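Have a look at the structure below before the remarks.
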Amino acid sequence: MSATFSPDEPMDAADHAVLEALARVLDRVDPVPAGLVDRSLFALTLEGLHAEVTELRVLELAVPAVRGAGDRGTVEARTITFTSDPITVMITLSVAPSGGVRIDGWGAPAQRFSVELYRPGATVHAESDDGGSFVLPDVPRGPASLVLRPVDGAGPAVSTPVIEL
């Protein structure tokens, strides 16, 4: 006697038992990579923002940059520029005193922006000054994307591609 299955029938205990056994086998032979769920949820969050995505235009290699005098000396910094029709964003990434990342950024045209930095499991908020300048002083390393929204509501929000801090 052969069993027939229909996608219209509800799942029963036997179906659940087969799926649980299959899940155990897959966990053993092909486990989900560490962090995949967080990275996927992060990407979906960015997709849900419905912001215009900027294009990566300039990526300068890390160069020594002087942050101040004294025993701190020089730090590594890299500058990245993202462009789109309504807004251009330039950020400089440098090492924060804690070992995280300091982000100094500028949005153009010069205006006040609400700035959000999206990371897996966290969002950091800041606001630029009237010239479009903003600072995120100590952000953990890892994948991140910036979203800038004009505070006056004139113009769309823009989102950078995901970059590795």
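At-a-glance table
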{"quantity": "Residue count, segment 117-152 (criterion: in contact (Cβ under 8 Å) with a residue 60 or more places away in the chain, closer than 16 Å to residue 90 by Cα and among the hydroxyl-bearing types (Ser, Thr, Tyr))", "calculated": "1"}
{"quantity": "Segment 127-150, residues that are of a type in the set (A, V, I, L, M, F, W, C), touching a Ser or Thr at 6+ places or on another chain (Cβ under 8 Å) and modelled with pLDDT of 95 or more", "calculated": "134"}
{"quantity": "Qualifying residue in segment 29-36 (condition: among the acidic types (Asp, Glu), out of contact with any strand residue (DSSP E or B) (no Cβ under 7 Å at 6 or more places or on another chain) and modelled with pLDDT of 85 or more)", "calculated": "yes"}
{"quantity": "When residues of segment 106-140 are limited to those that are surrounded by 14 or more Cβ atoms within 10 Å (Cβ to Cβ) and in a loop (DSSP other than H, G, I, E, B), the one farthest from the chain's Cα centre (by Cα)", "calculated": "111"}
{"quantity": "Residue in segment 126-144 that is under 30 Å from residue 37 (Cβ atoms) and touching a helix residue (DSSP H, G or I) at 6+ places or on another chain (Cβ under 8 Å) present", "calculated": "yes"}
{"quantity": "Contacts under 7 angstrom Cβ, first residue in segment 70-99 being over 14 Å from residue 161 (Cβ atoms), partner at pLDDT 85 or above and acidic (Asp, Glu), 6 or more apart", "calculated": "92/104; 96/138; 98/138"}
{"quantity": "Subset of segment 1-28 (residues that are of a type in the set (Gly, Ala, Ser), loosely packed, with under 10 Cβ neighbours inside 10 Å and modelled with pLDDT of 75 or more)", "calculated": "13, 14"}
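The values are calculated or read from the model by the stated rules, or taken from the named source; none is laboratory data. Remember, predicted model here, so these are calculated numbers, not experimental data. As a convention, Cβ positions derive from the backbone with ideal geometry for all residues, glycine included, and neighbour counts pool all protein chains shown.
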